[in-house]
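The values are calculated or read from the model by the stated rules, or taken from the named source; none is laboratory data. All values derive from a computational prediction rather than experimental measurement. Positions of Cβ are generated from backbone atoms using ideal geometry, with glycine treated the same way; all protein chains shown enter the neighbour counts.
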């Protein structure tokens, strides 16, 4: 990964924490206390167990959030740590949720009650799902769907009552609300029956509402949400399943939530890094445009004060090599020399489609791709006006000319840059060979970093469109 998150979450206002544990029927000799962050857990403390008894204690306060006590036998349970950080827990590892008893922390106990309630609701939902699978009539299925709705209403009602049981700043009710999905209005009542494509209009309104209200139940300036097991899952689902996978959409929605978090420096950092990492890791062609936009806005502008010099150098280099070859951009012109010593310009190639091909004669992969580029691409699409602008990335002319002869690729526009004056490696991010781009008649970039099979797909789609 280009970016590695490193956080230190601290709170300097408190004195100490002291959490006593009594684990019944426990054979483990050690227990660990850890907090959630970014979909993983990070250890905060450890204690030796004597007959199941131990204590987590230090002269400092723990950052509030959802924690986990886990055992080497891979048994564990979650607990909420709020303002009260001196309490005791008794539980049987064979049934943590059913057996836990908490003394000394109302919030921690309230979270445990919420866990028990949700466990019972999940079991009820499973029973309803099984009944739906077995249902044979539409009438029966409709009745079961109503039970599903009622189960959801019961959960929402339970969570709503938590606001009356705990102080406004308590994390119990806030976390419980965070587990909810947006409640989408029934737009059927708003859209007239005679509306053209009514179902699509309803679906679109439902989708937009869900997208725009997805984070309604989280305060993006409250860093307690960072220490939960569900923030990363919700972000992953939002980015991967809800957002349209286009650079413009990813940038727009990323900026929207990042700016909401700006008042909290830790949350701001986390969401900024998450968005940039998502763009970096995406396998969607063209998502590097989102990376360039987010990197310029938050990193190269100097706002990412957490980034060290090495990280900034890596990001700056990546932006420089990517910003000139984004999809839809007009390609950078190249003035190259032919084997005969003449000069050709990329932008002077008159063709509805041009394959820009960077290769090396002694590159093992190029030896497989170059013949296919001739027989499967140029020979097959020549009648459609396709040309291949083949750039040799080396300056060894004799080896290059021999390769042209061996592959019989005289129909390519063969050229090279013996003095390396065109900066083609930067403009086209040529860090390995072969590298292929597909350009349209105006030399705008249609697709990039292609293999032969993907090149065929793009060519066929372009020809079909036109």
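Here are the numbers for the structure shown:
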{"item": "Matching residues in the stretch 230-261 - criterion: being outside any helix (DSSP H, G or I) and crowded, with 18+ Cβ neighbours inside 10 Å", "result": "261"}
{"item": "Set 220, 153, 208: member being modelled with pLDDT of 95 or more and over 24 Å from residue 40 (Cα atoms)", "result": "208"}
{"item": "Residues of the stretch 7-32 that turn out to be at pLDDT 95 or above and within 20 Å of residue 106 (Cβ to Cβ), as a count", "result": "6"}
{"item": "Test: residue in the stretch 160-180 that is more than 30 Å from residue 84 (Cα to Cα) and touching a helix residue (DSSP H, G or I) at 6+ places or on another chain (Cβ under 8 Å)", "result": "no"}
{"item": "Unique match (being over 19 Å from residue 174 (Cβ atoms) and touching a helix residue (DSSP H, G or I) at 6+ places or on another chain (Cβ under 6 Å)) among 143, 147", "result": "147"}
{"item": "The stretch 84-112, residues that are at pLDDT 95 or above, within 20 Å of residue 24 (Cβ to Cβ) and in a helix (DSSP H, G or I)", "result": "108, 109, 112"}
{"item": "Residues (in contact with a helix residue (DSSP H, G or I) (Cβ under 8 Å, 6 or more places away or on another chain) and on the phi > 0 side of the Ramachandran plot) located in the stretch 265-316", "result": "286"}
{"item": "Answer residue from the stretch 52-76, given it is touching a helix residue (DSSP H, G or I) at 6+ places or on another chain (Cβ under 8 Å) and outside any strand (DSSP E or B) and is surrounded by the most Cβ atoms within 10 Å (Cβ to Cβ) among those", "result": "64"}
{"item": "Filter result (assigned to a loop (DSSP other than H, G, I, E, B) and under 19 Å from residue 455 (Cβ atoms)) within the stretch 359-388", "result": "360, 363, 385"}
{"item": "Any pair with Cβ under 6 angstrom, 6 or more apart, that starts in the stretch 210-226 at a residue that is outside any loop (DSSP other than H, G, I, E, B) and ends at one that is surrounded by fewer than 19 Cβ atoms within 10 Å (Cβ to Cβ)", "result": "210/182; 210/184; 211/242; 223/264; 223/266"}
{"item": "Helices (runs of 4 or more DSSP H) lying entirely in the stretch 390-466 (those with 2 or more residues that are in contact with a helix residue (DSSP H, G or I) (Cβ under 7 Å, 6 or more places away or on another chain) and buried (at least 16 other Cβ atoms within 10 Å of the Cβ))", "result": "452-465"}
{"item": "Residue within the stretch 189-204 that is outside any helix (DSSP H, G or I), outside the structural domain of residue 290 (by TED's automatic domain parsing) and in contact with a strand residue (DSSP E or B) (Cβ under 8 Å, 6 or more places away or on another chain) present", "result": "no"}
{"item": "Residue list for the stretch 346-366, filter: closer than 15 Å to residue 332 by Cβ and out of contact with any helix residue (DSSP H, G or I) (no Cβ under 9 Å at 6 or more places or on another chain)", "result": "346, 347, 348, 349"}
{"item": "Filter result for residue 378 (surrounded by 15 or more Cβ atoms within 10 Å (Cβ to Cβ), farther than 23 Å from residue 320 by Cα and out of contact with any strand residue (DSSP E or B) (no Cβ under 6 Å at 6 or more places or on another chain))", "result": "no"}
{"item": "Count of residues meeting criterion [buried (at least 20 other Cβ atoms within 10 Å of the Cβ) and closer than 13 Å to residue 412 by Cα] in the stretch 330-373", "result": "9"}
{"item": "Evaluation of residue 109 against (1) free of Cβ contacts under 8 Å to residues at least 12 places away in the same chain; (2) closer than 19 Å to residue 180 by Cα; (3) surrounded by 15 or more Cβ atoms within 10 Å (Cβ to Cβ) (one fails), failing number", "result": "(2)"}
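Residues checked against (1) surrounded by fewer than 17 Cβ atoms within 10 Å (Cβ to Cβ); (2) touching a residue at least 60 places away in the same chain (Cβ under 8 Å); (3) closer than 30 Å to residue 274 by Cβ:
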| site | (1), (2), (3) |
| --- | --- |
| 24 | yes, yes, no |
| 80 | no, yes, yes |
| 93 | no, yes, no |
| 101 | yes, no, no |
